[in-house]
Amino acid sequence: ALSTTGKLNTVSSNVSALQSDALQWKNNADGSGAYDASHGTNQAQKITNVAAGQLADDSTDAVNASQLYQVSTSSASGITSLST
């Protein structure tokens, strides 16, 4: 069995791993901030498996690429039909 110190070291290691892999809030010097997915690499990372957000005038949900694609194809289709 692990000693108390061993268990604390394991927990500490697990927390460190979680902190490096989690989507975290990053504060800017001016007090503003945003969620940051760079995982300490300073390179952009993809956020995948995002559910479709609710599209409504009062919604604050995020939208995913599939929803943006639908808007793009609908807009292109509408523009094409206007030009014919």
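Rounded to the nearest 10 degrees, the angle from helix 4-21 to the longest Cα principal axis of the chain is 20 degrees. Scanning residues 5 or more positions from Q24 or on other chains, those with amide H under 5 Å from its amide H are D36, with H placed 1.01 Å from N in the peptide plane. Simple spin-label estimate for A17 and A1 gives 2.3 nm between the two label positions (7 Å along the Cα-to-Cβ direction from each Cα). Extension gain for I47 to Q70 (0.36 nm times residue separation, less C-alpha to C-alpha distance): 6.4 nm. Just checking my list (1) 20, 15, 12; (2) 17, 16, 13; (3) 43, 16, 13 against semi-axes √(5λ) of the Cα gyration tensor in Å computed from this structure; which label fits? Answer by label: (3). Charged neighbours of V15, selected by a Cβ distance under 13 Å, balance to 0 (K, R count +1; D, E count -1). For the range 6-84, averaging the sequence separation of C-alpha pairs within contact (under 8 Å, six or more residues apart) and dividing by the residue count gives a relative contact order of 14 percent.
Where a number appears in this text, it was derived from the coordinates with a stated rule and is not lab data. Owing to the predicted nature of the structure, the values given are computational and were not obtained by experimental measurement. Every residue, glycine as well, gets a Cβ built from its backbone with ideal geometry; the counts of neighbours run over all protein chains shown.
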